[in-house]
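Peer 1: Below you will find the structure I want to go over with you.
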Amino acid sequence: MLASLTPLFADLPLLPERAATQAGDIDALFWFITAICFVMTVLIFLGVVAFAYKYRRRENAHAVQIEGSTKLELTWSILPFLVMLVMFAWGADLYFRAQSPPKDAMEVFVTGKQWMWKIQYPDGLREINELHVPAGQPVKLTLASEDVIHSFSIPAFRVRHDVVPGHYDTIWFTADKPGRYHLFCTEYCGNQHSKMIGWVDVMEPREYAKWASGGAGGSLAEQGQQLFQQNGCSTCHQMEQQGRCPILKGIYNKPVQLSDGRTVIADDAYLRESILDANAKIVNGFEPNIMPNFKGQLSEENVIQLIAYIKSLSPAVPASQQGQPPTVTPSAASRAASRANTANPGQTGSQVKQ
Amino acid sequence: MATIAHGTPEIAAETVNYLNVEHGWKSWLFTTDHKRIAVLYLISITLMFFVGGLMAVLFRINLLEPEGIFSPETYNRLFSMHGIIMVFFFLVPSIPATLANFLIPIMVGAKDLAFPRVNLLSWYIYVIGALLTMYAVIRGGVDTGWTFYAPYSSTYSNSYVLAAAFGVFTAGFSSILTGLNFIVTVHKMRAPGMSWGRLPLFVWSNYATGLIQVLGTPVLAIVLLLLAFERIAHVGIFDPNIGGDPILFQHLFWFYSHPAVYIMILPGMGVISEIISCFSRKRVFGYSFVAFSSMAIAVLSFVVWGHHMFLTGQSMYTSLAFSFLSMMVAVPSAIKVFNWTATMYKGSVSFDTPMLYAFGFIGLFTIGGLTGLHLATLGTDIALHGTYFIVAHFHYVMVGGMVMAFMGGLHFWWPKITGRMYPEAWSKFAALIVFVGFNLTFFPQFILGYLGMPRRYHAYPPEFQALNVLSSAGASILGVGYLIPMVYMIWSLKNGPKVGPNPWGAAGLEWKIPSPPTTFNFDETPIVTEEAYNYGPLEEVIG
């Protein structure tokens with residue numbers, strides 16, 4: 001029995017891997033809190049053991065009755081609280097940084113669906129349960145869910161965020177150590193929850209460029225443009241001339257005046273809502289109930305493609321600003337398509353079906 | 001041990017007490033005696049505890065192998081039902097419905113609770129809730145986790161969500177009625193001279209618990225009702241595909257379920273105060289701070305629920321506030337631990353079984369509470385949320401804390417409840433087994449969590465196997481540790497040595513009346529002239 005267990009313990013990791021820049025920061029705080037917990041536990045343990053031993057019940061000894069001590073009470077309330085405030089402030093700083101992706105981050109889109117992770121890159125590559133990222137480059141993930149709540153987590157990077165259906169969540173990281181790392185769903189999502197796992201491949205930038213040099217079926221924006229035609233969006237949302245619907249050119253990340261007087265920024269979340277539920281926010285000067293509801297018609301992946309297209313119509317933010325302009329050669333496209341097919345035999349990786 | 005008078009010879013033959021005053025099943029099922037109802041509750045929750053425990057044993061077997069042994073359907077139902085049964089049908093009623101139900105009227109010097117029939121009603125409601133939940137189990141179980149998160153529970157799950165949710169919904173009312181009864185009893189039924197400042201700390205902690213039960217549980221009822229609406233009538237409340245908001249579910253659910261954590265731990269803290277004081281033969285150090293800390297916990301417990309949603313898309317500033325408030329709720333818990341330790345200072349400490357459980361409680365609750373800091377801190381929660389670290393943390397509080405306190409309290413008041421003493425050597429042995437088994441089960445889970453192993457996984461990457469095997473081995477030891485007391489306590493009902501009114505030489509009204517007590521507890525209403533824990537006159541003042 002013991003002999004058969006030995007190999008188990010030989011491979012036992014005791015510390016998690018660190019493969020992203022913020023992993024060390026979070027670990028430092030983790031060990032700070034752990035050290036304080038350890039000291040406190042030892043102090044209390046020693047106190048209990050020492051008192052229990054020293055004042056153990058003996059013949060002819062009686063307990064000395066003590067009411068208490070306000071000074072002591074205040075000390076052991078305030079001092080720990082001050083230490084906790086350090087944890088609080090330190091933790092808040094890390095948390096705020098984890099939620100503020102840098103402007104130059106490369107964008108990747110992740111859709112959770114029972115029970116797989118679908119990954120889309122701006123240059124049109126798609127994968128399932130595999131995420132390839134270059135080392136040393138900040139990467140921003142936009143997370144969407146097709147069905148229930150999932151949670152996207154890469155333990156080696158110390159990143160995690162729930163993926164809540166109905167809106168976008170974002171996380172970011174800068175991987176700094178090439179290798180393969182676990183990718184887990186950490187919010188229970190049903191039967192095959194424990195199979196909603198995959199791998200993150202951190203690659204040297206040059207290898208990553210080689211890997212990424214080709215998009216199946218064009219860039220994300222090009223895929224979006226096709227959807228834009230197929231779904232008849234282009235009949236009303238015309239490029240130059242004002243139709244029954246707002247012109248989308250140049251709209252991305254710009255303020256939009258609504259009919260109820262509010263002004264909102266046309267970011268990913270706004271565009272997503274307007275595509276799926278056009279009447280939720282009506283642009284000033286336009287009529288409601290003109291655009292059909294696309295909820296249930298378009299998958300989250302389609303919506304991401306459409307947003308990429310709308311984004312590409314804003315010259316300030318070109319669709320693929322990230323160093324690797326999509327050089328679609330037939331061979332690269334078929335290579336990517338076959339890769340997508342291996343990742344998920346049940347689906348064709350290249351074209352979105354309507 | 002000199003003070004313990006096992007089987008004192010001067011005890012007369014059979015005297016009339018609450019157990020033998022009437023016979024037959026009707027005398028139990030229609031009783032309004034708080035002590036008999038406490039016994040009914042004790043039997044019911046013990047049954048549920050072993051059902052929930054059996055499920056834990058089964059899924060720990062599954063986790064011996066990285067690919068799992070049972071199917072994912074089976075595993076998911078096992079951990080969900082384990083959580084639902086243990087939280088709603090064991091931990092929430094554990095101490096309040098049994099020990100407190102038995103003791104609070106006696107401790108305040110009353111004949112019964114304020115509403116004896118409501119007390120019986122609460123037990124019937126509990127039984128109906130438990131039967132509904134067992135119906136869900138027999139039909140095939142529920143697979144949503146004890147948290148019932150929408151939209152999975154409302155739209156996607158194919159299991160018996162409604163039956164289980166309705167069982168929990170029902171059991172909630174029994175909890176409300178118990179809390180209500182305690183609040184009114186403590187306010188209105190105290191004997192002459194029993195001022196608020198003389199109440200035993202066990203009463204204080206259950207009073208605070210009662211407030212949470214009455215104010216929090218209705219919100220659980222609301223959220224389960226809304227869940228049922230959405231599941232049956234497809235009214236869009238939580239599912240975004242039909243216009244709902246899944247985060248709304250979590251706000252409502254945790255608005256009850258975080259305070260519920262304190263429903264589960266506060267009564268245990270009260271037990272520990274009683275035990276430490278008795279077996280140190282000393283008044284509790286800083287009585288008013290310990291009493292006040294229970295009330296502070298009850299209040300603060302209602303404003304920390306957002307720490308379950310740091311990574312769920314609530315605003316960063318909301319998270320900031322909840323992180324800060326979660327730090328604050330740690331302070332009153334720390335106050336209690338320090339005061340218990342200080343209570344032993346210059347005491348006369350003996351190591352009877354209840355005290356062993358109290359030591360276990362202090363150690364394990366301290367670890368459980370302190371690891372809460374990792375999760376209340378925003379930065380580290382990113383790494384630990386949704387992993388086994390959380391599982392370990394709350395089991396250290398719930399099992400290492402509350403179940404230890406429950407076992408300690410049960411041993412402490414067992415002679416009062418039954419009139420007989422349990423076997424000393426066996427009970428010490430079992431306490432040790434529980435402590436070892438518990439740590440072996442749950443300590444490896446802290447490491448698993450830090451390594452990144454997600455909770456609620458039917459299968460896992462092979463590098464996590466060693467720690468999972470350790471944890472499962474510990475669970476089997478822990479299981480034995482709980483079965484031994486079950487056996488010897490039943491044995492002691494017939495064979496344990498009879499005890500007098502006060503086998504521990506403890507202070508407190510419950511030790512001034514016979515063991516077991518008579519139906520109306522006191523022949524005449526007691527008049528209280530001293531503070532709680534009067535083990536001798538005050539001799540020393542610090543600072």
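What follows is calculated from the coordinates using simple rules that are stated; it is not laboratory data. Computed from a prediction, not measured in an experiment: that's the story for all the values here. Here Cβ is always computed from backbone atoms with ideal geometry, including for glycine, and neighbour counts include all displayed protein chains.
Peer 1: What are the residues whose amide H is under 5 Å from the amide H of A:Ala20, where those residues sit 5 or more places off or on another chain and H is modelled from the backbone?
Peer 2: For A:Ala20, the qualifying residues are A:Asp176.
Peer 1: Same structure again: In whole angstrom, how long is each semi-axis of the equivalent ellipsoid of segment A:220-319, when you take the square root of 5 times every eigenvalue of its Cα gyration tensor and sort them from largest down? Spell out each step's value before the answer.
Peer 2: Working: eigenvalues 70, 49, 36 Å².
Listed largest to smallest, the semi-axes of segment A:220-319 are 19, 16, 13 Å.
Peer 1: Short version: ³J(HN,Hα) in whole Hz for each residue of segment B:492-500, in order, from phi by Karplus 6.51 cos²θ - 1.76 cosθ + 1.60 (θ = phi - 60°), x for Gly and Pro, what are they?
Peer 2: Result, rounded to whole Hz: 5, 4, 9, 10, x, x, 5, 10, x.
Peer 1: How many nm is it between the label spots at B:Leu493 and B:Ile138, if each spot is 7 Å from the Cα in line with the beta carbon?
Peer 2: Taking the simple label geometry, B:Leu493 and B:Ile138 are separated by 2.3 nm.
Peer 1: Over the Cα atoms, compute the radius of gyration (one decimal) and Dmax (the largest Cα-Cα distance, rounded to a whole number) for segment B:461-530, in Å.
Peer 2: Rg and Dmax of segment B:461-530, Cα atoms, are 21.9, 67 Å.
Peer 1: Report, for the protein assembly as shown, the % of DSSP beta bridges that are antiparallel, rounded to 5. Walk me through the numbers before you get to the answer.
Peer 2: On the way: 34 of 49 bridges.
Percentage antiparallel, nearest 5: 70.
Peer 1: Calculate for chain B the 222 nm mean residue ellipticity that helices alone would give, adding -39,500 (n - 2.57) per DSSP H run of length 4 or more and normalising by residue count, nearest 500 deg cm²/dmol.
Peer 2: Numbers: 16 runs with 333 residues, N = 543.
The per-residue figure over chain B is -21000 deg cm²/dmol.
Peer 1: Name the residues whose placed amide hydrogens come within less than 5 Å of the amide hydrogen of A:Asp147, ignoring near sequence neighbours (fewer than 5 apart) on the same chain.
Peer 2: Under 5 Å from the amide H of A:Asp147: A:Gln114.
Peer 1: Which net charge results for the neighbourhood of A:Lys118, defined as the other residues with beta-carbon distances under 13 angstrom from its beta-carbon, given Lys and Arg at +1 and Asp and Glu at -1?
Peer 2: Details: positive: A:Lys113, A:Arg126; negative: A:Glu127, A:Glu130, A:Glu146, A:Asp147, A:Glu300, A:Glu301.
Every neighbour counted, the sum reads -4.
Peer 1: Amide H of A:Asp277 versus every other amide H placed in the peptide plane: which residues, excluding those fewer than 5 positions away on the same chain, fall under 5 Å?
Peer 2: Residues meeting the criterion, in which the H sits 1.01 Å from N, are A:Phe294.
Peer 1: Suppose every Lys and Arg Cβ carries +1 and every Asp and Glu Cβ carries -1, with no other charges. What dipole size does chain B come out with about its Cα centre, to the nearest 20 debye?
Peer 2: Details: 25 positive and 24 negative charges, 115 e Å.
Dipole about the Cα centre, nearest 20: 560 debye.
Peer 1: Mind giving me the FRET efficiency for B:Leu54 and A:Gln242? R0 is 51 Å, r the Cβ-Cβ distance, nearest 0.05 is fine. Please report the intermediate quantities before stating the final value.
Peer 2: On the way: r = 69 Å, r/R0 = 1.36.
Computed FRET efficiency for B:Leu54 and A:Gln242: 0.15.
Peer 1: Express the Stokes-Einstein translational diffusion coefficient of the protein assembly as shown in µm² s⁻¹, to the nearest whole number, given a Kirkwood radius over alpha-carbon pairs, 37 °C and a viscosity of 0.692 mPa s.
Peer 2: D = 111 µm²/s.
Peer 1: Let me ask another. For A:54-63, what's the mean count of beta carbons from other chains sitting within 10 Å of each residue's beta carbon?
Peer 2: Working: counts 5, 9, 6, 12, 3, 1, 0, 4, 8, 15.
Average per residue, whole number: 6.
Peer 1: What FRET efficiency comes out for the pair A:Glu287/B:Leu215, r = Cβ-Cβ distance, R0 = 41 Å, nearest 0.05?
Peer 2: Details: r = 48 Å, r/R0 = 1.17.
With a Förster radius of 41 Å, E is 0.30.
Peer 1: Karplus couplings for segment B:180-189 from phi (6.51 cos²θ - 1.76 cosθ + 1.60, θ = phi - 60°), rounded to Hz, Gly and Pro as x?
Peer 2: Here the 3J(HN,Hα) series is 4, 4, 5, 4, 5, 4, 5, 6, 10, 10 Hz.
Peer 1: Summing Lys, Arg as +1 and Asp, Glu as -1, what charge do residues with Cβ under 13 Å from the Cβ of B:Gly109 carry, B:Gly109 excluded?
Peer 2: Values: positive: B:Lys111, B:Lys188, B:Arg190, B:Arg198, B:Lys512; negative: B:Asp112, B:Glu510, B:Asp523, B:Glu524, B:Glu530.
In short, 0.
Peer 1: Something else: So how long is each side of segment B:82-225 along the principal axes, counting just the alpha-carbon atoms, biggest first, in Å?
Peer 2: Principal-axis extents of the Cα atoms in segment B:82-225, largest first: 58, 23, 21 Å.
Peer 1: How many Å³ per residue does the convex hull of the Cα positions in chain B occupy? Write out the running numbers ahead of the final one.
Peer 2: Values: hull volume 79.7 nm³, N = 543.
About 147 Å³ per residue, rounded to a whole number.
Peer 1: Fewest first, what order do A:Lys311, A:Lys113 take by the number of other Cβ atoms within 10 Å? Could you put the intermediate results ahead of the total?
Peer 2: On the way: A:Lys311 26, A:Lys113 20.
The order, fewest Cβ neighbours first, is A:Lys113, A:Lys311.
Peer 1: Out of B:Tyr287, A:Ala20, B:Phe520, whose Cα points farthest toward the positive end of the dipole of the protein assembly as shown (charges: +1 Lys, Arg; -1 Asp, Glu; placed on Cβ)?
Peer 2: B:Phe520
Peer 1: List the residues of segment B:255-273 whose backbone N lies under 16 Å from a point placed 7 Å from the Cα of A:Thr41 along the Cα-to-Cβ direction.
Peer 2: Those under the cut-off are none; the list is empty.
Peer 1: On to the next question. Are there cysteines in the protein assembly as shown with no second cysteine's Cβ under 4.7 Å away, and if so, which?
Peer 2: Among the cysteines of the protein assembly as shown, those whose Cβ sits 4.7 Å or more from every other are A:Cys37, A:Cys185, A:Cys189, A:Cys233, B:Cys278.
Peer 1: While we're on this one: Please report how far the C-alpha centroid of segment A:192-268 lies from that of segment B:498-541, rounded to the nearest whole angstrom.
Peer 2: 75
Peer 1: Next question, about the same structure. For the charge dipole of chain B, defined by +1 on Lys and Arg C-beta atoms and -1 on Asp and Glu C-beta atoms about the Cα centroid, which residue among B:Pro72, B:Tyr317, B:Phe229 has the Cα displaced farthest towards the positive pole?
Peer 2: In chain B, that residue is B:Phe229.
Peer 1: For the charge dipole of segment B:32-512, defined by +1 on Lys and Arg C-beta atoms and -1 on Asp and Glu C-beta atoms about the Cα centroid, which residue among B:Val219, B:Gly109, B:Ala38 has the Cα displaced farthest towards the positive pole?
Peer 2: My answer, from the dipole projection, is B:Gly109.
Peer 1: Give me the inter-chain shielding for B:443-449: mean count of other chain Cβ atoms within 10 Å, whole number please. Kindly include the intermediate steps, with their values, before the conclusion.
Peer 2: Numbers: counts 0, 1, 0, 1, 5, 0, 2.
What the average comes to for B:443-449 is 1.
Peer 1: Note down the net charge around A:Asp176, summing +1 for each Lys or Arg and -1 for each Asp or Glu among other residues with Cβ under 13 Å from its Cβ.
Peer 2: Once all neighbours under 13 Å are counted, the net charge is 0.
Peer 1: Taking 32 Å as the cut-off for C-alpha to C-alpha distance, list the pairs among A:Lys177/A:Lys249; A:Lys118/A:Lys311; A:Lys103/A:Lys210; A:Lys140/A:Lys254 that go past it. All intermediate terms of the calculation are to be shown ahead of the outcome.
Peer 2: Values: A:Lys177/A:Lys249 40 Å; A:Lys118/A:Lys311 21 Å; A:Lys103/A:Lys210 24 Å; A:Lys140/A:Lys254 20 Å.
Checking Cα-Cα distances, A:Lys177/A:Lys249 exceed 32 Å.
Peer 1: Which lysines have a Cα less than 26 Å from the Cα of B:Lys188, not counting those fewer than 8 places away in the same chain?
Peer 2: B:Lys35, B:Lys111, B:Lys416, B:Lys512
Peer 1: Work out from phi, with θ = phi - 60° and the Karplus expression 6.51 cos²θ - 1.76 cosθ + 1.60, the ³J(HN,Hα) of each residue of segment B:371-376, listed in order in whole Hz, and give x for Gly and Pro.
Peer 2: 5, x, 5, 4, 8, 6
Peer 1: Quickly work out the B:Leu29-to-A:His62 label distance, labels modelled 7 Å from Cα along the C-beta direction, and quote it in nm with one decimal.
Peer 2: Taking the simple label geometry, A:His62 and B:Leu29 are separated by 5.4 nm.
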